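These notes concern the structure reproduced below.
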Amino acid sequence: MLSQAVLIAATEIAKRLNAILAQIMPFLSQEHQQQVAQAVERAKQVTMTELNAIIGVRGLPNLPLTVCIPPFTPLFDLG
């Protein structure tokens, strides 16, 4: 199982990325805003197994590949 520190770090990363997106979204065209919103929705559905397959990780010590990080509720609505 993932340690509490890893979960806290993952949540903090998600919060920071969400804040960056919130800041740049108003400067994007409507088309690009829709593309970003679709990408964010897809990213919310990616499992750890899929992510590891994408980045080529074969396994880390004491970290099973099938563990899912709890969902993060974004601070703003992209839809």
Item to check | Test set (1) at pLDDT 60 or above; (2) farther than 17 Å from K15 by Cβ; (3) not in a helix (DSSP H, G or I) - D77 fails condition number | outcome: (2)
Checklist entry - So, in the range 1-10, of the ones that are part of a helix (DSSP H, G or I) and not polar (S, T, N, Q), which residue ends up most open to solvent (accessible area, probe 1.4 Å)? => result I8
Next on the checklist: Quick test for you: out of I13, I24, pick the one residue that is part of a helix (DSSP H, G or I), of a type in the set (V, I, T) and at pLDDT 90 or above.
Outcome noted: I24
Checklist outcome for this item: Quick count over the range 27-61, residues being in a loop (DSSP other than H, G, I, E, B) and open to solvent by 70 Å² or more (accessible area, probe 1.4 Å), is 2
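The values are calculated or read from the model by the stated rules, or taken from the named source; none is laboratory data. Everything numeric here is computed off the predicted structure, so don't read it as measured data. Counting neighbours? That spans all protein chains shown, and the Cβs are built from the backbone with ideal geometry, glycine included. Ligands, DNA and RNA are excluded from the accessible area calculation, which covers all protein heavy atoms including side chains. Shrake-Rupley method; radii C 1.70, N 1.55, O 1.52, S 1.80 Å.
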